[in-house]
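Worksheet: one structure, shown below.
The values are calculated or read from the model by the stated rules, or taken from the named source; none is laboratory data. Everything quoted here is computed from the prediction, not taken from an experiment. Here the Cβ is made from the backbone with ideal geometry for all residues, glycine too, and neighbour counts use every protein chain on show.
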Amino acid sequence: MSVTAIVGAQWGDEGKGRIVDYLAQDADMVIRYQGGDNAGHTVINSYGKFALHILPSGIFNPNTLCLVGAGTVVNFSTMKEELVAVNKVGLDGSNLRIDTRAHLIMPYHCMLDGAEEQQKDAKWAIGTTKRGIGPVYADKASRVGIRAGDILNPDRLRTRLEMLIPRKNRELEYYQLPAVNLDELMDLCASWKKEFGSRIIDSLPVVRDAVLTGKNIIMEGQLGIMRDLDWGIYPYVTSSNPTAGGTCAGAGISPRRIDAIYGIVKAYSTSVGGGPFPVELLDEVGDKLRTIGGEYGATTGRPRRCGWFDAVAASYSCWINGFTGIAVTKLDVLDSFETIKLCKAYQLGDEVIDYVPETALQDIATPIYEEWEGWRCDTSEARAWDDLPAQAKAYLKRIEALTGAPIKMVSVGAEREQLIIID
């Protein structure tokens with residue numbers, strides 16, 4: 001069996017959830033390794049359509065252990081809502097576990113997140129979902145965060161909150177927000193313990209045993225490398241590392257144990273939130289991509305910024321992550337386009353570059369496009385590579401060549417059976 005990392009290779013929203021849902025049919029374990037409930041993974045299967053924000057996308061296979069790993073940040077209120085949705089379709093969610101080291105999103109994190117974003121000038125607004133992600137990761141880095149295991153020990157929890165609350169109330173006061181109360185927070189954590197306490201585990205022995213006994217493990221990331229804290233379009237980024245390297249830290253698995261790293265890309269590009277997006281189309285073509293692709297955020301409903309496929313960003317992602325293969329999603333969205341463009345390089349002043357520069361230079365980079373003939377026919381019924389029209393195969397082969405990794409999967413629709421597996 002194998003350990004496979006699923007990584008977003010663009011700006012997020014690439015379709016990682018549907019790939020994990022498919023692979024989880026044969027997985028023993030799915031580990032969500034970073035991020036929180038600030039981005040959604042849309043999954044469509046025989047149970048219906050779901051927007052998962054914190055539950056691993058393997059939750060629909062009762063035989064798959066679904067672990068929310070140490071690198072994540074958890075909002076138990078969101079987790080409860082998602083479990084209720086899963087329960088409604090006949091799944092009890094008893095295969096869910098949370099690592100004791102995962103940090104908890106507290107009410108003051110969400111309040112501070114919104115207040116900090118509101119004070120930014122429009123140009124520097126990150127586009128945060130106000131779910132408290134940045135503040136909770138800041139507390140983690142400052143070594144004052146509350147972890148899932150803390151709620152199992154009320155005395156320890158009270159001591160840690162007593163030390164933390166004065167600091168948080170000073171921050172809240174600065175933004176003219178109401179103070180938080182120790183007893184109210186203790187009561188909230190007590191309710192979380194009652195609801196989720198039995199699911200909180202030290203995952204290391206479980207994961208180690210699964211790896212050493214050859215289980216099939218999928219590691220699921222959130223967002224994409226262009227929103228990575230170190231390698232993304234800083235400061236318009238998330239507060240964790242969605243890269244393949246982040247899988248190891250967040251899941252507790254050595255890089256030597258990873259057998260495959262799949263980068264997920266759309267057949268075009270989308271982005272939600274602030275920051276540079278060189279291939280953005282602010283015209284009727286961008287509107288058409290958004291309309292056909294249903295490009296609205298799973299978490300906020302915000303319209304996504306749309307553009308042609310950016311092979312510069314995809315190649316950059318492949319180099320940093322070391323993809324052993326890529327999955328191209330939403331090919332069918334391009335079915336009606338007469339001409340399709342693909343960004344192969346950036347113009348930066350008098351220089352042509354084939355790599356992603358730092359953020360300030362991305363702001364002034366101009367995409368250099370290739371034009372490809374569209375196929376102008378329905379691909380949604382294709383179930384094998386040979387079912388695709390010649391123009392679609394040529395376009396995909398060009399993506400493969402420019403990205404630097406072989407295409408392993410192509411999706412032509414949201415349903416499980418609309419995923420073409422390429423041997």
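Computed values, structure above
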read-out: Selection from segment 63-78 of residues that are farther than 24 Å from L204 by Cβ and either crowded, with 24+ Cβ neighbours inside 10 Å or free of Cβ contacts under 8 Å to residues at least 40 places away in the same chain (or both); value: S77
read-out: Enumerated helices (runs of 4 or more DSSP H) restricted to segment 190-300, each holding at least 1 residues that are among the polar types (S, T, N, Q) and in contact (Cβ under 8 Å) with a residue 12 or more places away in the chain; value: 203-212, 244-251
read-out: Within segment 79-100, considering residues that are outside any strand (DSSP E or B) and in contact (Cβ under 8 Å) with a residue 60 or more places away in the chain, the one farthest from V68 (Cα to Cα); value: K80
read-out: Filter pass, D209 being outside the structural domain of D363 (by TED's automatic domain parsing) and either within 22 Å of V136 (Cβ to Cβ) or modelled with pLDDT under 95 (or both); value: no
read-out: Scope segment 28-39; condition under 26 Å from S254 (Cβ atoms) and either crowded, with 24+ Cβ neighbours inside 10 Å or under 8 Å from the mean Cα position of the chain (by Cα) (or both); matching residues; value: M29, V30, I31, R32, Y33, Q34, G35, G36
read-out: Selection from segment 395-423 of residues that are farther than 25 Å from V356 by Cβ, loosely packed, with under 15 Cβ neighbours inside 10 Å and modelled with pLDDT of 95 or more; value: I421
read-out: Residue that is nearest to A102 (Cα to Cα), among those in segment 134-177 that are in a helix (DSSP H, G or I) and among the polar types (S, T, N, Q); value: T159
read-out: Unique residue being surrounded by fewer than 24 Cβ atoms within 10 Å (Cβ to Cβ) and at pLDDT 95 or above when the list is G301, G275, G286, G263; value: G286
read-out: Unique residue being assigned to a strand (DSSP E or B), modelled with pLDDT under 95, in contact with a strand residue (DSSP E or B) (Cβ under 8 Å, 6 or more places away or on another chain) and surrounded by 24 or more Cβ atoms within 10 Å (Cβ to Cβ) when the list is V20, V7, V43; value: V43
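This table checks each residue for (1) buried (at least 24 other Cβ atoms within 10 Å of the Cβ); (2) in the same structural domain as Y137 (by TED's automatic domain parsing); (3) in contact with a Phe, Trp or Tyr (Cβ under 9 Å, 6 or more places away or on another chain).
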site	(1), (2), (3)
I217	yes, no, no
D228	yes, no, yes
P235	no, no, yes
N241	yes, no, yes
G245	no, no, no
G250	yes, no, yes
R256	no, no, no
